[in-house]
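For reference, the structure is listed below as structure tokens.
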Amino acid sequence: MKQDLNDKRKDYSENFINFSEVPQNPYEFFNIWYNFACHSEKIHEPYAMNLSTIGTDGFPRTRIVLLKEFNPSGFVFYTNYQSQKGNSIAVNPHICLSFFWDKLEQQIIIKGTAEKVSEEMSETYFHKRPLKSQIGAVVSAQSSVIAFDEDLDAKAGALQNQFQGRTVPKPKNWGGYLVKPIEFEFWQGRPSRLHDRLRYKLENEIWQKERLAP
């Protein structure tokens with residue numbers, strides 16, 4: 001099977017980056033773009049981000065996770081620490097996040113290192129989740145191989161009945177990561193593929209700005 005996609009292209013013209021007015025701190029610029037995406041009816045999940053890790057087999061692996069917090073220290077997401085992403089981060093904490101808001105013709109790429117958040121922070125967030133999400137985290141040994149006929153719904157239903165009206169204990173192997181950035185790149189689509197690209201690099205604890213060729 002072959003498909004020729006050579007004619008599949010779009011000319012971007014939604015917006016531009018005014019390089020003379022961008023803030024010195026990339027978190028401020030991220031906050032501006034993120035808030036705009038949140039208030040745009042075109043973007044349904046602005047907090048969905050692509051997480052790239054280097055697997056224990058040496059290959060890169062990417063998947064979509066949900067951003068749950070960002071602050072001056074970095075970006076937080078939650079997962080099973082024994083999942084593929086958790087095992088990869090344990091070996092190599094250097095990761096990459098990317099946000100792609102296609103209707104705004106914007107992309108943000110963030111390089112950094114991931115470290116576990118405190119147990120207290122993970123515990124607090126876990127119990128803010130809906131009951132079914134808490135049960136799902138208990139039932140699923142994420143990324144492990146299971147039988148094709150294993151009935152996860154039945155297991156979840158049984159646990160939900162068991163814990164109805166009671167506190168679901170957070171699994172010890174479940175929690176959050178804080179990604180501490182060392183580099184941001186903001187990409188804005190422009191006509192004729194002459195896209196705007198702005199990079200921030202952390203050097204001696206000071207953010208340096210530079211424009212990149214499209």
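Under the rule of -39500 (n - 2.57) per DSSP H run of 4 or more residues, summed and divided by the residues of the chain, what mean residue ellipticity at 222 nm is obtained, to the nearest 500 deg cm²/dmol? Provide the component values of the computation, followed by the final result.
Values: 5 runs with 51 residues, N = 214.
Only helices count here, giving -7000 deg cm²/dmol.
For region 117-168, with every protein chain kept in place, what is the accessible area per residue (1.4 Å probe, Å²)? Please list the in-between numbers first.
Working: 3660 Å² over 52 residues.
Each residue of region 117-168 exposes 70 Å² on average to a 1.4 Å probe.
Extension gain Glu183-Glu41, at 0.36 nm per residue separation less the Cα-Cα distance, in nm? Kindly include the intermediate steps, with their values, before the conclusion.
On the way: separation 142, 0.36 × 142 = 51.12 nm, distance 2.88 nm.
Extra length available between Glu183 and Glu41 comes to 48.2 nm.
What is the gain in length, in nm to one decimal, between Asn161 and Ser13 on full extension, counting 0.36 nm per residue of separation less the C-alpha to C-alpha distance?
Here the segment from Asn161 to Ser13 would lengthen by 48.0 nm.
Keeping to pairs on different chains or 8 or more places apart, tell me how many lysine pairs in region 1-106 have Cα atoms under 28 Å apart.
For region 1-106, qualifying lysine pairs total 9.
Compute, for region 70-157, the length of the dipole vector about the Cα centre, with Cβ point charges of +1 (Lys, Arg) and -1 (Asp, Glu) only. Units Debye, rounded to 20. If you can, show how the numbers build up before the last one.
Numbers: 8 positive and 10 negative charges, 47 e Å.
The dipole magnitude comes to about 220 debye.
Measuring from the lowest to the highest alpha carbon on each principal axis, how far does region 66-128 reach, largest first, in angstroms?
37, 29, 22
Using 1/(1 + (r/R0)^6) with R0 = 30 angstrom and r between the beta carbons of Val145 and Gln3, what's the FRET efficiency to the nearest 0.05? Display every interim value, and only then the final one.
Details: r = 32 Å, r/R0 = 1.08.
After rounding, the FRET efficiency stands at 0.40.
How would region 1-106 be classified by its alpha-carbon gyration tensor: rounded, prolate or oblate, with rounded meaning a/c under 1.5 and the a/b versus b/c comparison settling the rest?
Details: a/c = 2.04, a/b = 1.20, b/c = 1.70.
Judged from the Cα gyration tensor, region 1-106 comes out oblate (a/c at least 1.5, b/c at or above a/b).
Roughly how many Å² is the accessible area per residue of region 35-103, as a whole number, for a 1.4 Å probe?
Values: 3820 Å² over 69 residues.
I get 55 Å² per residue for this part.
For the chain, with all protein chains present and a 1.4 Å probe, just round the carbon and sulfur fraction of the accessible area to a whole percent. List each step's numbers first, then the result.
Working: 6610 of 13290 Å².
Reported share for carbon and sulfur atoms: 50 percent.
What does the charge dipole of the chain about its Cα centre add up to, to the nearest 20 debye, if the Cβ of each Lys and Arg holds +1 and the Cβ of each Asp and Glu holds -1?
Charge dipole, the chain, about its Cα centre: 140 debye, nearest 20.
Starting from the Cα-Cα distance between Asn50 and Met121, subtract it from 0.36 nm times their residue separation and give me the gain in nm to one decimal.
Stretched fully, the Asn50-Met121 segment lengthens by 23.3 nm.
Binning at 10 angstrom from zero up to the longest distance, how are the C-alpha pair distances of region 75-214 distributed in percent?
Per 10 Å bin, starting at zero, the Cα-Cα P(r) for region 75-214 comes out as 10, 28, 27, 21, 11, 3 percent.
If amide hydrogens are placed 1.01 Å from N in the peptide plane, which non-local residues have theirs closer than 5 Å to the one on Trp207?
none
The values are calculated or read from the model by the stated rules, or taken from the named source; none is laboratory data. Note that the coordinates shown come from a computational prediction; the quantities given were computed from them, not determined experimentally. Glycine also receives a Cβ, built like all others from the backbone with ideal geometry; neighbour counts cover every protein chain displayed. Areas reflect the complete protein model, heavy atoms only, side chains present, ligands, DNA and RNA absent. Shrake-Rupley method; radii C 1.70, N 1.55, O 1.52, S 1.80 Å.
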